[in-house]
Amino acid sequence: MLTFDTELREAQQMVLRWPEKGKLQSVTVIRDVFAKLTFYMETVEKIDQPDRDSFYLCASGKLGNFFSGTVYWDKPKKGKRTPQPVLDIIKDLRHYWDTKEGIEFYLSERAIAKKAWVQQAEQQPVWPYEETIAGISPKVVTFYSFKGGMGRTTTLAAVALQMVRKGKNVMMVDTDIEAPGLASLFFDESRIEKGVLDYLIEHPLNPEQGVARYVQDVTEPALLREEDGHLYLMPAGKVDGGYLQKLARIDYQDHRNGALREALEGLLKEIRREYAIDYILIDARAGFHDMGGIVAAQLPHGVVLFGNGSRQSWEGLALVLQTISAGHRDIMPVALADCLGEVQGGPLYLEQRERFLQKAYTVCLDYYYENDVPGMEAQNVAHMPVSLPYNSLLRGDVLLFSNGSPQEDSQVKAIADVLCGADYKKVLDRVEMWFGEGELV
């Protein structure tokens, strides 16, 4: 029985069994939003009408309801010419799939949602990587986990804190608008007023309103020292009675092609224009959400991926790496963070680390590395994970703000000491290495 998973190969086999296949140069298979298949046939010579009819019958017979009933030919009959703009659109949206028996096969997927994840076109970061190396523009680094509860947000906060303690200016941006949490690490909820969600809705209607309205300064004296750099935070938004109404208006389905990417790109460029910062650190939504795909696989100059040894975690991370590789000719820098469930030195610590390393190497071989393939024990490469062992102090509510009492000041400083410790410094070192900063480990 034909299924979504088998229809493309069956369509290819049907073409290869067609008696006139020798006249074909290429075939583009277009799979629409209903999973129906349309064909665009490029030929080396004109195909007579009887042969075209035979192809139509083959497609109808082999594909049944999975065939849309439409076949475009590059050399159509007089009076039935397909408009050139239609053919141009087909060519623009397709990507190379396979070559069989001298015929090139192309594929064009027409999805409604998840476009950021299923795209195959080459992507460019929000601004050139070379500008970040030269110090002209800030470095954009995204923190992403396929599964929740991996310590992604805490690690972002740790890296940001270490950066400002080295004198850098850092902007943190919470794009996890469906489950925000970054701002609550640094502020009491009563202080959070606006954020990314409000910007995406309000800015198109009031473009003269600057991004500063949606950004908050982190100035907690128990956390930051006088000599530290500036730390800024753009929350997801204020989770109150109107939050769901705002959330319902964010166009994840991207009815206008590229609209969500354009909005997020505009946000980052406005941050660059209004703030003198060295890094923009983005907290991404877990799972395969459209916004998460844009900020993880399209816009940044590097991404930190979080996972553990579970099968579910690796199934997602493999697809993320595949998406990143497909979208970037010069492969985007990637760091894998192993979120261990074991304390350092515990009985399972080394076993978990070794298992994660072996899986990371296999996945990177399959989906990330192209030409220069490092050995398994190579350092400072994508598959060599940064291990983040369990720390009981970071379980539960992690609060990096104080009411001014000695007890809360002491608690904030204790958490900050952990976040600035050796484990999280390894993440910082890896990120800085991408941009020629810091030190190799």
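The values are calculated or read from the model by the stated rules, or taken from the named source; none is laboratory data. Note that this is a predicted model, so its numbers are computed, not measured. No Cβ is skipped: glycine too gets one built from the backbone with ideal geometry, and neighbour counts run over all protein chains shown. With ligands, DNA and RNA removed, areas are computed over all heavy atoms of the protein, side chains included. Shrake-Rupley method; radii C 1.70, N 1.55, O 1.52, S 1.80 Å.
Over the Cα atoms of segment 317-393, what Rg and Dmax result, in angstrom?
When restricted to the Cα atoms of segment 317-393, Rg and Dmax are 13.6, 42 Å.
Along the Cα→Cβ direction, 7 angstrom out, place labels at D217 and I331. What is the inter-label distance in nm?
4.3 nm
Along the charge dipole of the chain, which of G148, G135, Q344 sits closest to the positive end, that is, farthest toward it, with unit charges on the beta carbon of Lys, Arg, Asp and Glu (+1, +1, -1, -1)?
The listed residue farthest towards the positive side: G148.
On a 1.4 Å probe surface of the protein chains, which of C339, C58 comes out largest in accessible area, and what is the full order?
C58, C339
Can you compute 3J(HN,Hα) from phi for each residue in segment 387-401, using the Karplus curve 6.51 cos²θ - 1.76 cosθ + 1.60 with θ = phi - 60°, rounded to whole Hz and x for Gly and Pro?
So the J values, rounded to whole Hz, are 8, 10, x, 5, 9, 4, 5, 9, 8, x, 6, 9, 10, 10, 9.
Equivalent ellipsoid semi-axes for the chain, as square roots of 5 times the alpha carbon gyration tensor eigenvalues: give them largest first, rounded to whole Å.
In descending order the semi-axes read 47, 25, 19 Å.
So what is log10(I(q)/I(0)) for segment 23-79 at q = 0.14, 0.31 1/Å, when the Debye sum runs over its Cα atoms only?
Calculated log10 I(q)/I(0) at the listed q: -0.37, -1.33.
In a GNM of the chain with a 10 Å cut-off on Cα contacts, which of G61, G421, G151 has the highest mean-square fluctuation?
G61
Quote the convex hull volume per residue of segment 283-430, based on C-alpha atoms, as a whole number of Å³.
135 Å³
How much accessible area per residue does the chain have, counting only protein heavy atoms and a probe of 1.4 Å, in square angstrom?
With all protein chains present, the chain gives 47 Å² per residue.
GNM on the chain, C-alpha springs below 10 Å: top fluctuator among A318, A284, A296?
Among A318, A284, A296, the largest mean-square fluctuation in the Gaussian network model of the chain belongs to A318.
Which FRET efficiency, nearest 0.05, do E408 and Q344 yield, Cβ-Cβ r, R0 22 Å? Walk me through the intermediate numbers first.
Working: r = 27 Å, r/R0 = 1.24.
Efficiency computed from Cβ-Cβ geometry: 0.20.
For segment 101-258, what is Rg from Cα atoms divided by 2.2 N^0.38 Å, rounded to two decimals?
That works out to 1.25 for segment 101-258.
Once all Cα-Cα distances of segment 265-346 are split into 10 Å bins that start at 0, what whole-number percent is in each one?
14, 43, 28, 12, 2
Can you pull the accessible area of T28 for me, 1.4 Å probe, Å² to the nearest 10?
Around 0 Å² of this residue is reachable by solvent.
Looking at the chain, what % of its DSSP beta bridges pair antiparallel, to the nearest 5?
Working: 15 of 52 bridges.
About 30 percent, rounded to the nearest 5.
Using a 1.4 angstrom probe on the protein heavy atoms only, could you order I250, I133, I201 from most to least accessible area?
I133, I201, I250
How much length would be gained if the chain were fully extended between Q312 and K91, taking 0.36 nm per residue of separation minus their Cα-Cα distance, in nm to one decimal?
The span from Q312 to K91 would gain 76.0 nm if fully extended.
Enter the accessible area of E220 (Å², nearest 10), with the probe set to 1.4 Å and all protein chains included.
Here the accessible area works out near 30 Å².
Would you pull out the residues with amide H under 5 Å of V386's amide H, same chain only if 5 or more places away, H placed 1.01 Å from N?
L336, A337, D338
For segment 371-379, what does the Karplus curve 6.51 cos²θ - 1.76 cosθ + 1.60, with θ = phi - 60°, yield as ³J(HN,Hα) per residue in whole Hz, taken in order and with x for Gly and Pro?
The phi angles translate into 9, 7, 9, x, x, 4, 8, 4, 9 Hz.
I'd like the Kirkwood hydrodynamic radius of segment 206-324, using the inverse of the mean 1/r over distinct C-alpha pairs, in Å.
That comes to 17.0 Å for segment 206-324.
Ignoring ligands and nucleic acids, what accessible area does E131 show with a 1.4 Å probe (Å², nearest 10)?
Taking all protein chains as shown, E131 has close to 50 Å².
Would you mind checking the pairs K168/K426; K168/K413; K147/K194; K139/K425 and listing those with alpha carbons more than 28 angstrom apart?
Table pairs above 28 Å Cα-Cα: there are none.
To the nearest 10 degrees, how steeply does helix 49-63 sit against the main Cα axis of the chain, on a 0 to 90 scale?
50 degrees
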